[in-house]
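**Student:** One structure follows; several queries about it will come next.
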Amino acid sequence: MRPTRIIPAFVLILLAHLARADSPPQTMTAVPKRPAAPDFTLKDTDRRLYRLSDSHGKVVLVNFWATWCPPCRREMPSMQRAWEKLKDERFDMYAVNVGEDEDTIFSFTFSTGVEITFPILLDRDARVVKAWPVIALPTSFIVDPDGRIVYRAVGGREWDDPSLLRQIRALIPKR
Amino acid sequence: MRSRHVLAGIIAAGAAVAFPLRAAETVHAVDAGTRIESWEVRTQGVSLRLAQILPDQVRGFYLARGFDPGSVERLATGACVFQTILRNESVKGAIEFNLADWRIVTAKGEQPLTLEREWQQEWQRRGVPAAARTAFRYAFYPTEHRYEPGDWNMGMTTCALPLGSRFDLRFVWRENGARREAVLRGVRCARETPP
């Protein structure tokens, strides 16, 4: 191959590598055997009751978080952006707060400068988080329309990243 | 001939930037505002970062979560506390780790980290409320985990050394069953107030 062709090709590979190093790929991991998602009934910050099994027929993002957890705080605005892109499709999003009260959560959501419009659910006694395969916060799961856990993500993500939205949309039933 | 030299030069320079040598060098940083120190190493598709947590930060965090002052003091001044971030930056596959395998290395020898279960036993003995112990459990770095590519997390780790002590941390993980290790060098426990 002539150098005039090799150089641009090498530069392209180099740039692709550097881009990947600077912004790590946003990934979710397929969960083997797609286990049933443990059902829960929790109140949100407005004391409305939500039951996971009521979302049957929809794809659900279930995110476990706490206000004191820096990656949880950082990913919340991207969750809102993802919610705005997906809320009109057959999709629900629940951010399950572990162990904190309404006042603490309100202080945090106010401080983000972003209006959070998806339900933030209160797991005050950590009963729900212990029923899910959560070892650390944040951990998020994608539940398919049949109520099975399809994907898992440990640590914060940019939830409006096109690759993640594509993975979620692929599960959403077409009307 | 000249174009071949140019090509070789570009490839060598690019490779040096994109594919650095695997020698795992510890990068030390000091926050200009807080004077809090951190250490980071990136090697073999994994990165590990430790940042000091000051005793006052430990007090503030755990007093607000239902710990009694005596128990908080036990943690704040009886141990070195670090904010710890471990990432699987590899595109190849999952990594698994167990903090019980990690070692603190000082001139006097090696010692393990103080793990979450050991603290939980102490909190139970001291009568720390269940809600506070739950907060501790999720704020602490998990003892064992499996990170798929792109997974990462942040949490506290501790070791039983006096405040201000210096040590190396030998950390270990497994990738496809193969044991890997690297060393974070020159880590220093926080002092009561930063220098």
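**Student:** Sum up the lysine pairs in the protein assembly as shown that clear both bars: alpha-carbon distance under 26 Å and a spacing of 8 or more or different chains.
**Tutor:** Here the count comes out as 14.
**Student:** Still on this structure: Take every DSSP beta bridge whose two residues both sit in chain A, then give the antiparallel share in percent to the nearest 5.
**Tutor:** Values: 17 of 28 bridges.
Expressed as a percentage, antiparallel bridges in chain A total about 60.
**Student:** To the nearest 20 Debye, how big is the dipole of region B:81-146 about its Cα centre, given +1 on the beta carbon of each Lys and Arg and -1 on that of each Asp and Glu?
**Tutor:** Numbers: 10 positive and 8 negative charges, 34 e Å.
It comes to approximately 160 debye.
**Student:** Compute the angle between helix B:69-78 and the longest alpha-carbon principal axis of chain B, please, reported from 0 to 90 degrees and rounded to the nearest 10.
**Tutor:** Long axis of B:69-78 versus the principal axis of chain B: about 40 degrees.
**Student:** Could you tell me which Cys residues in the protein assembly as shown have no other cysteine's Cβ under 4.7 Å from their own Cβ, answering none if every one has a partner?
**Tutor:** B:Cys159
**Student:** Let me ask something else. What residue among B:Ala51, B:Ala178, B:Ala135 shows peak mean-square fluctuation when chain B is described by a Gaussian network model with Cα springs under 10 Å?
**Tutor:** Top of the fluctuation ranking is B:Ala178.
**Student:** Ignoring ligands, DNA and RNA, how do B:Arg174, B:Arg59 rank by accessible area with a 1.4 Å probe, largest first? Could the numbers behind the result be given before it?
**Tutor:** Working: B:Arg174 105, B:Arg59 40 Å².
Descending order: B:Arg174, B:Arg59.
**Student:** Another question about this same structure. What dipole magnitude, in Debye to the nearest 20, does the protein assembly as shown give about its Cα centre under +1 on Lys/Arg Cβ and -1 on Asp/Glu Cβ?
**Tutor:** On the way: 53 positive and 43 negative charges, 258 e Å.
So the dipole magnitude of the protein assembly as shown works out to roughly 1240 debye.
**Student:** What does the C-alpha gyration tensor say about the overall shape of region A:127-175? Classify as rounded when a/c is under 1.5, otherwise prolate if a/b is larger than b/c, or oblate. Display every interim value, and only then the final one.
**Tutor:** Numbers: a/c = 3.39, a/b = 1.36, b/c = 2.49.
Cα axes put region A:127-175 in the oblate bin.
**Student:** So for each of B:137-143, A:32-38, A:166-172, A:67-73 I average, over its residues, the number of other beta carbons within 10 Å; can you give me the resulting order with the highest mean first?
**Tutor:** Working: B:137-143: 20.6, A:32-38: 12.1, A:166-172: 15.0, A:67-73: 19.0.
Ranked by mean Cβ neighbours within 10 Å, highest first: B:137-143, A:67-73, A:166-172, A:32-38.
**Student:** Within a 10 angstrom radius of each residue's Cβ in B:138-150, how many Cβ atoms of other chains show up on average? Whole number is fine.
**Tutor:** Working: counts 14, 5, 1, 1, 5, 1, 1, 4, 3, 4, 7, 4, 10.
Taking the mean over all residues of the peptide, I get 5.
**Student:** Here's a follow-up. Give me the 1.4 Å probe accessible area per residue for chain B, excluding ligands and nucleic acids, in Å².
**Tutor:** On the way: 9490 Å² over 195 residues.
Heavy-atom SASA per residue in chain B reads 49 Å².
**Student:** If you don't mind, there's one more thing I want to ask. For chain B, take the longest principal axis of its alpha carbons; what is the angle in degrees between that and the long axis of helix B:130-139, to the nearest 10 within 0 to 90?
**Tutor:** Relative to chain B, helix B:130-139 is tipped by roughly 10 degrees.
**Student:** Related question: So, by mean Cβ neighbours within 10 angstrom, what's the order for A:79-90, B:115-126 with the highest one leading?
**Tutor:** A:79-90, B:115-126
**Student:** Something else now. Just the accessible area per residue of region A:93-170, please: how many Å² with a 1.4 Å probe?
**Tutor:** Details: 3040 Å² over 78 residues.
About 39 Å² of surface per residue is accessible.
**Student:** Would you mind putting A:106-116, B:60-70 in packing order, based on average other-beta-carbon counts within 10 Å, highest first? Could you put the intermediate results ahead of the total?
**Tutor:** Working: A:106-116: 13.0, B:60-70: 16.6.
So the order, starting with the most tightly packed, is B:60-70, A:106-116.
**Student:** Oh, and also: Charges only on Cβ, +1 for Lys and Arg, -1 for Asp and Glu: so what's the dipole of chain A about the Cα centre, in debye to the nearest 20?
**Tutor:** Taking the Cα centre of chain A as origin, the dipole is about 920 debye.
**Student:** Could I ask something else about it? Need one number: buried accessible surface between chains A and B, 1.4 Å probe, both sides summed, DNA, RNA and ligands left out, in Å² to 100.
**Tutor:** Details: alone 10080 and 10810 Å², together 18280 Å².
Interface between A and B: roughly 2600 Å².
**Student:** Suppose each label sits 7 Å from its Cα in the direction of the beta carbon; what would the A:Leu165-B:Val91 distance come out to in nanometres?
**Tutor:** Reported label-point gap for A:Leu165 and B:Val91 is 2.3 nm.
**Student:** Ignoring ligands, DNA and RNA, what percent of the accessible area of region B:120-195 is carbon or sulfur (1.4 Å)? Before the final figure, lay out the partial values.
**Tutor:** Values: 1520 of 3280 Å².
Summing carbon and sulfur atoms, their accessible area is 46 percent of the total for region B:120-195.
**Student:** Here's another thing I want to ask about it. Say the dipole of chain A comes from +1 at the beta carbon of Lys and Arg and -1 at that of Asp and Glu; which of A:Leu49, A:Ala82, A:Val128 then lies farthest toward its positive end?
**Tutor:** With unit charges placed on the Cβ atoms, the residue in question is A:Ala82.
**Student:** Let me ask something else about it. Where the accessible area of region A:25-125 is counted over protein heavy atoms with a 1.4 Å probe, how much of it, in %, is carbon and sulfur? Kindly include the intermediate steps, with their values, before the conclusion.
**Tutor:** Values: 2340 of 4860 Å².
The value for region A:25-125 is 48 percent carbon and sulfur by accessible area.
The values are calculated or read from the model by the stated rules, or taken from the named source; none is laboratory data. All values derive from a computational prediction rather than experimental measurement. All Cβ positions, even for glycine, are placed from backbone atoms using ideal geometry, and neighbour counts span all protein chains on display. Calculation scope for accessible area: heavy atoms of the full protein, side chains included, ligands and nucleic acids excluded. Shrake-Rupley method; radii C 1.70, N 1.55, O 1.52, S 1.80 Å.
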